[in-house]
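Presented below is the structure to which this report refers.
Just so it is clear, none of the values below were taken in a lab; they were calculated from the coordinates. Everything numeric here is computed off the predicted structure, so don't read it as measured data. Quick reminder, even Gly has a Cβ in these numbers, built from the backbone with ideal geometry, and neighbours come from all protein chains shown.
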Amino acid sequence: MITIRNLTADDMKEAIQLKVNCWTEELAGKAENTLNYSRELEFWVDWMNSAEENEDVRLLIGAFEDNKMLGVAFASFAETEDIPEKGIELNGLWVYSEQRGRGISIRLILHILDFFKSMGKEKIVIYNHHYCPSNNFYRKFGANVIRQDEQMSGKLLVDVFIADIDIYKNNIEKSLLKYK
């Protein structure tokens, strides 16, 4: 049985290695893989632990089966330049390649939406590499690209999606039925 739970400090090492692996896979041949595991781990552990001082709520969750990590997702309040109020940001979503197609991403996002909806949040912003296959995943559930940003000194094109949480949640719940 797949369970979703908050990540612990011990889980972060594996979660960040998964992020680095997925980054390499997503950018294969499209942009230079510049992620350094140690720097990424330091950044995300600090991010996890600095929510209160930044007046933020940060949710770091994982999907597990028999204590084996299947995937992880990070979310927080959105930056006001993206969504002026009542918004959240999906800061990251990574699933082991051999676990894809099992509804892991859907479960993780649904957990995030439920958590932040209970706090009165209404919109979600998602940044995703333009060439990444998961862009279709976000579109499928009702997210729309509002702009494209260039990152890594113009070497990486990023699609910026916005979705209404209620609509997005409803569409995801319908899709989750096939995994039950």
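Observations on the model:
- Within the range 51-67, being over 11 Å from LEU7 (Cβ atoms) and surrounded by 11 or more Cβ atoms within 10 Å (Cβ to Cβ) holds for ALA51, ASN54, ASP56, VAL57, GLU65.
- For the residues SER118, SER153, SER105, the requirement of being free of Cβ contacts under 8 Å to residues at least 60 places away in the same chain and crowded, with 18+ Cβ neighbours inside 10 Å singles out SER105.
- Scanning the range 41-68 for residues that are touching a residue at least 60 places away in the same chain (Cβ under 8 Å) and more than 14 Å from ALA15 (Cα to Cα) yields VAL57, GLU65.
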